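Asker: Dropping a structure here in structure tokens format, bear with me for questions.
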Amino acid sequence: MAKHDEAQPDSTDPLDSEPDVQELEKESPIEHIESEIEDATYSPSHYEIVSIPADYTIEGLATKWHKGQLKIPGFQRKFVWTQRQASRLIESFLLGLPVPALFLYADPQTGEQQVIDGQQRLMSVVQFFDGAFKNAKMAKERVFRLVGLGEASPYTRCTAKDLEERFSSKFAKLNDAVMRAFVIKQLDPDDATSIYHIFERLNTGGSQLIGQEIRNCVYHGRLNELLNSLNGDDNWRKIIGKSVSDARMRDTEMILRFVALYFFADKYKKPMKDFLSTAMKQKRNLSEADAELLGATFRETCARIVTSLGERPFHISRGMNPAVFDAVFTAIAKHPDPLPADLKERYGALVASQEFKSSASYRTTDADAVARRLELSRTSLFEAP
């Protein structure tokens with residue numbers, strides 16, 4: 001397999017050399033292939049999304065939070081507002097001042113509404129009604145009293161209970177105060193992948209999330225738990241070539257890549273990242289029995305590969321080649337025991353063939369390249385010469 005140089009920007013525009021995905025790849029256990037990086041930065045050409053305005057009372061928002069109807073994705077930074085900032089928000093409601101809207105993403109499968117923007121405002125409201133304040137920097141919670149309002153404010157040092165007892169009419173109006181929300185729903189295409197792209201574009205306050213990090217937050221469920229568990233399998237770590245998990249979850253993404261092709265190879269279409277998101281969404285709540293079967297299949301395949309091909313078998317150049325991995329791993333997973341006695345020799349001939357090299361190194365996420373290398377792996381490894 002020919003080695004690949006670090007991908008260079010196609011122009012001299014300084015924006016082309018921003019850290020972006022290429023910088024995030026430097027410490028990855030997965031080989032840097034230009035077509036895979038291009039796929040990771042793919043933008044959809046079309047989405048039909050509706051944004052529905054909804055006016056919630058702040059008491060209603062607090063109730064929805066406690067009922068589990070509102071979720072804060074795992075990628076979001078923690079609640080970091082100070083008590084002074086949160087108090088000023090509550091004062092805005094008391095004074096009838098306008099407050100920025102929430103943005104929520106409606107999950108069509110679970111009915112949950114994920115908070116895309118407005119976590120700090122939402123949690124300020126929830127904590128005030130609960131009577132206890134705690135942000136990410138505090139070791140323990142304290143009584144939520146309104147502070148920083150100015151000496152002339154009649155609400156200074158009031159808790160929610162104080163307001164109810166001393167300013168009953170104002171407290172009633174506070175309960176009924178409205179915070180506008182925009183609920184985002186995807187209409188077309190029918191795959192809910194827009195949530196991935198929305199989260200991908202958010203400013204997360206630190207390094208930009210990529211690939212599986214986003215799916216780990218968005219598509220929580222039994223499959224996500226299984227993927228994270230399988231990533232610690234001893235034989236899988238030998239295949240990856242690193243004993244510790246990748247901080248950017250590229251190794252976990254490779255497991256999902258296998259799962260997606262194992263179940264949906266005949267439905268594959270570019271880009272790979274949306275194919276993986278769609279597969280994870282469709283399988284996110286697989287049954288316990290199916291999870292056990294899938295987990296057993298993956299672990300057994302890892303063991304068979306290490307026994308037959310050795311450790312780091314897909315490290316053709318500087319890291320594990322994802323295109324070689326997905327084709328060969330899927331082919332072996334689908335083939336019953338016993339494996340051919342000369343599997344290692346067959347594998348060597350496969351990766352040395354020009355046709356396979358092409359499908360595993362050039363435009364690797366194109367539909368014809370994916371289909372071709374899956375077919376070549378199946379026939380070269382298991383059919384009679």
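Asker: Sort out which residues of the range 321-352 are over 33 Å from the mean Cα position of the chain (by Cα), of a type in the set (D, E, K, R) and in a helix (DSSP H, G or I), and write them in order of number.
Answerer: Lys344, Glu345, Arg346
Asker: Okay, moving on. Looking at Leu294, Leu286 in this structure, which one is of a type in the set (A, V, I, L, M) and in a loop (DSSP other than H, G, I, E, B)?
Answerer: Of Leu294, Leu286, the one residue that is of a type in the set (A, V, I, L, M) and in a loop (DSSP other than H, G, I, E, B) is Leu286.
Asker: So which residues in the range 100-157 are closer than 20 Å to Pro73 by Cα and in a helix (DSSP H, G or I), if there are any at all?
Answerer: Gln119, Gln120, Arg121, Leu122, Met123, Ser124, Val125, Val126, Gln127 - these are the residues of the range 100-157 that are closer than 20 Å to Pro73 by Cα and in a helix (DSSP H, G or I).
Asker: Let me ask another. Return a yes/no flag: does the range 357-370 have any residue that is among the charged types (D, E, K, R), under 23 Å from Ile255 (Cβ atoms) and surrounded by fewer than 17 Cβ atoms within 10 Å (Cβ to Cβ).
Answerer: Looking only at the range 357-370, we keep the residues that are among the charged types (D, E, K, R), and these are 357, 363, 366, 368.
If we keep only those that are under 23 Å from Ile255 (Cβ atoms) too, we end up with 366.
After this cut, where a residue has to be surrounded by fewer than 17 Cβ atoms within 10 Å (Cβ to Cβ) as well, the list is none.
No, there is no match, as no residue in the range 357-370 is among the charged types (D, E, K, R), under 23 Å from Ile255 (Cβ atoms) and surrounded by fewer than 17 Cβ atoms within 10 Å (Cβ to Cβ).
Asker: Being at pLDDT 90 or above and of a type in the set (S, T, N, Q) is the filter here; which residues of the range 71-128 pass it?
Answerer: Answer for the range 71-128, where residues must be at pLDDT 90 or above and of a type in the set (S, T, N, Q): Thr82, Gln83, Gln85, Ser87, Ser92, Gln120, Ser124, Gln127.
Asker: For the structure I just gave you, tell me whether Arg248 is farther than 24 Å from Glu225 by Cβ and in a loop (DSSP other than H, G, I, E, B). Steps first, please.
Answerer: Details: farther than 24 Å from Glu225 by Cβ: no; in a loop (DSSP other than H, G, I, E, B): yes.
It is false that Arg248 is farther than 24 Å from Glu225 by Cβ and in a loop (DSSP other than H, G, I, E, B).
Asker: So, of the residues in the range 327-357 that are of a type outside the set (Gly, Ala, Ser) and touching a residue at least 60 places away in the same chain (Cβ under 8 Å), which turns out to be farthest from Ile33 (Cα to Cα)? So that I can check it myself, show each step before the final result.
Answerer: Narrowing the range 327-357 to residues of a type outside the set (Gly, Ala, Ser): 328-330, 332, 334-340, 342-347, 350-351, 354-357.
From what is left, the residues that are touching a residue at least 60 places away in the same chain (Cβ under 8 Å) are 329-330, 334, 351, 357.
Details: Phe329: 19, Thr330: 20, Lys334: 26, Val351: 16, Lys357: 13 Å.
Among those residues, the one meeting the criterion is Lys334.
Asker: Among the residues of the range 306-322, how many are more than 13 Å from Lys238 (Cβ to Cβ) and surrounded by fewer than 18 Cβ atoms within 10 Å (Cβ to Cβ)?
Answerer: Taking the range 306-322 first, the residues more than 13 Å from Lys238 (Cβ to Cβ) are 316-319, 321-322.
Adding the requirement that they be surrounded by fewer than 18 Cβ atoms within 10 Å (Cβ to Cβ) leaves 317-318.
Total satisfying the criteria: 2.
Asker: Starting from the range 270-297, take each residue that is free of Cβ contacts under 8 Å to residues at least 60 places away in the same chain and list its partners that are small (Gly, Ala, Ser) and not in a loop (DSSP other than H, G, I, E, B), counting only C-beta distances under 8 angstrom and pairs at least six apart or across chains.
Answerer: Within 8 Å, the pairs are Phe275/Ala260; Ala279/Ala260; Thr297/Ala333.
Asker: Same structure, new question: Going through the range 297-320 one residue at a time, which ones are part of a loop (DSSP other than H, G, I, E, B) and modelled with pLDDT of 95 or more?
Answerer: Gly310, Glu311, Arg312, Pro313, Phe314
Asker: Now, a different point. Every residue in the range 162-172 that is in a helix (DSSP H, G or I) and within 19 Å of Thr57 (Cβ to Cβ), please. It would help to see each step written out before you state the result.
Answerer: If we filter the range 162-172 for residues that are in a helix (DSSP H, G or I), which is where we start, we get 162-166, 168-172.
If the condition is that a residue be in a helix (DSSP H, G or I) and within 19 Å of Thr57 (Cβ to Cβ), then Leu163, Glu164, Ser168, Ser169, Lys170, Phe171, Ala172 are the ones that fit.
Asker: Kindly evaluate Phe79 against the criterion of being assigned to a loop (DSSP other than H, G, I, E, B), of a type in the set (Phe, Trp, Tyr) and farther than 24 Å from Lys170 by Cβ. Steps first, please.
Answerer: Values: assigned to a loop (DSSP other than H, G, I, E, B): yes; of a type in the set (Phe, Trp, Tyr): yes; farther than 24 Å from Lys170 by Cβ: yes.
Yes; evaluated as a whole, the condition is true for this residue.
Asker: Among the candidates Arg363, Arg312, which residue alone is touching a residue at least 40 places away in the same chain (Cβ under 8 Å), touching a Gly at 6+ places or on another chain (Cβ under 7 Å) and on the phi > 0 side of the Ramachandran plot? Give the derivation first.
Answerer: Values: Arg363 fails: touching a Gly at 6+ places or on another chain (Cβ under 7 Å).
None of the other options fit; the residue is Arg312.
The values are calculated or read from the model by the stated rules, or taken from the named source; none is laboratory data. Predicted, not measured: the structure shown is a model, and the values here were computed from it. Here the Cβ is made from the backbone with ideal geometry for all residues, glycine too, and neighbour counts use every protein chain on show.
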